[in-house]
Amino acid sequence: MKSIHEIIIEVDRLAPMPQVMNQIMAIAEDPNSTMTDIAEVIIYDPVITGSLIKACNSAYYALPRKVNSVKEAIMLLGLDQVIEFVLIKTISAYLKKGTLGYGLNEGELWRYSVSTALMARDLAARKDASNKQFIFTASLLKDIGKIVLDRFVSGAIEEIEELVLSNSYSFKEAEEEVIGLDHAELGGIIAEKWDFSPELTYVIRNHHMTDLSAMEDYATSVVYLAEIVAMMTGIGSGIDGLAYRFYENVLEGLKITEDDLQETISLASEHYYNVLDLLSIT
Ligand SMILES: [Fe+2]
């Protein structure tokens with residue numbers, strides 16, 4: 001199909017992912033990571049170092065004395081929050097652009113991805129998952145395919161909407177039918193180009209359960225559920241809105257109740273505004 005060839009050319013044109021992102025993701029995926037591991041990565045990136053120290057010294061924390069080093073910043077925020085800060089900040093360069101094909105203005109895909117990642121991490125923490133940082137990362141990156149597919153969705157939106165509204169396609173199925181590739185599959189291709197781990201690539205590629213056996217994968221199931229829940233809250237969700245399939249047995253598989261979902265929604269939205277406050281300072 002002609003458009004697939006054009007899409008792959010656009011993927012090849014994407015700017016390489018900054019090295020700090022892959023290094024931080026490796027730390028996030030390793031449960032034995034220490035503060036020293038993360039400090040050693042951050043100190044070689046002056047932009048991240050500056051942002052982190054600036055955030056710590058903001059009125060938000062109201063500290064009695066100034067933070068002057070990455071190590072002090074990590075001690076103040078904690079390992080998990082620093083990992084999240086670096087990931088959210090780095091990926092913003094890609095996700096902040098408008099994706100008008102999906103009905104999202106500048107910043108909306110990024111904000112939506114952040115809220116989804118916070119929900120995914122909360123759902124994972126609720127069940128004491130050991131890989132909650134990996135789940136946060138996968139959820140933050142799951143829609144990366146949209147940044148390239150956007151132009152093609154935009155050019156075919158009437159056909160896509162017709163399939164969704166009149167033929168009961170999910171938005172993802174309509175993307176595949178009309179364009180030849182959906183945003184999850186394309187996200188998997190981008191993940192491979194950027195040397196993401198096979199585990200992370202798998203979750204991105206299957207975050208809409210293209211392969212139903214992905215329901216047996218814990219991380220994929222949590223990321224999938226978080227996306228559905230985030231869409232229900234309406235933060236930054238676009239034209240594709242709720243036009244995705246909901247497999248209720250994912251809830252059973254994860255042993256997540258309606259009450260869990262309600263608590264996750266309220267906690268994540270509180271955390272979401274805190275994160276945005278913090279990032280707006282830097
Ligand atoms: Fe998606």
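The values are calculated or read from the model by the stated rules, or taken from the named source; none is laboratory data. What you see is a predicted model, and the numbers here were worked out from it, not measured in a lab. Here the Cβ positions follow ideal geometry from the backbone for every residue, glycine too, while neighbour counts run over all protein chains shown. Quick note on the areas: whole protein, heavy atoms, side chains included, nothing else; ligands and nucleic acids left out. Shrake-Rupley method; radii C 1.70, N 1.55, O 1.52, S 1.80 Å.
Quick notes
- Contacts under 6 angstrom Cβ, first residue in region 269-282 being within 12 Å of residue 111 (Cα to Cα), partner modelled with pLDDT of 75 or more and surrounded by 16 or more Cβ atoms within 10 Å (Cβ to Cβ), 6 or more apart: 272/115; 272/118
- Pair list, Cβ under 7 Å, 6 or more apart: region 28-51 residue touching a residue at least 24 places away in the same chain (Cβ under 8 Å), other residue loosely packed, with under 12 Cβ neighbours inside 10 Å: 31/130
- Looking only at residues in region 236-252 that are open to solvent by less than 60 Å² (accessible area, probe 1.4 Å) and either more than 18 Å from the chain's Cα centre (by Cα) or more than 14 Å from the ligand (Cβ to nearest atom) (or both), the one that is modelled with the lowest pLDDT is 243.
- Of the residues 95, 104, 141, 186, the single one that is at pLDDT below 95, within 16 Å of the ligand (Cβ to nearest atom) and closer than 22 Å to residue 18 by Cβ is 95.
- Residues in region 190-211 that are out of contact with any Leu (no Cβ under 8 Å at 6 or more places or on another chain) and either of a type in the set (Ser, Thr, Tyr) or within 16 Å of the ligand (Cβ to nearest atom) (or both): 197, 201, 202, 203, 205, 206, 207, 208, 209, 210, 211.
- Residues being touching a Ser or Thr at 6+ places or on another chain (Cβ under 9 Å), open to solvent by less than 30 Å² (accessible area, probe 1.4 Å) and more than 12 Å from the ligand (Cβ to nearest atom) - total across region 220-234: 2
- Subset of region 65-98 that is closer than 20 Å to residue 135 by Cβ and of a type in the set (Gly, Ala, Ser) - its residue that is surrounded by the fewest Cβ atoms within 10 Å (Cβ to Cβ): 78
- Reported count of residues in region 47-72, each being in a helix (DSSP H, G or I), over 15 Å from residue 278 (Cα atoms) and charged (D, E, K, R), is 2.
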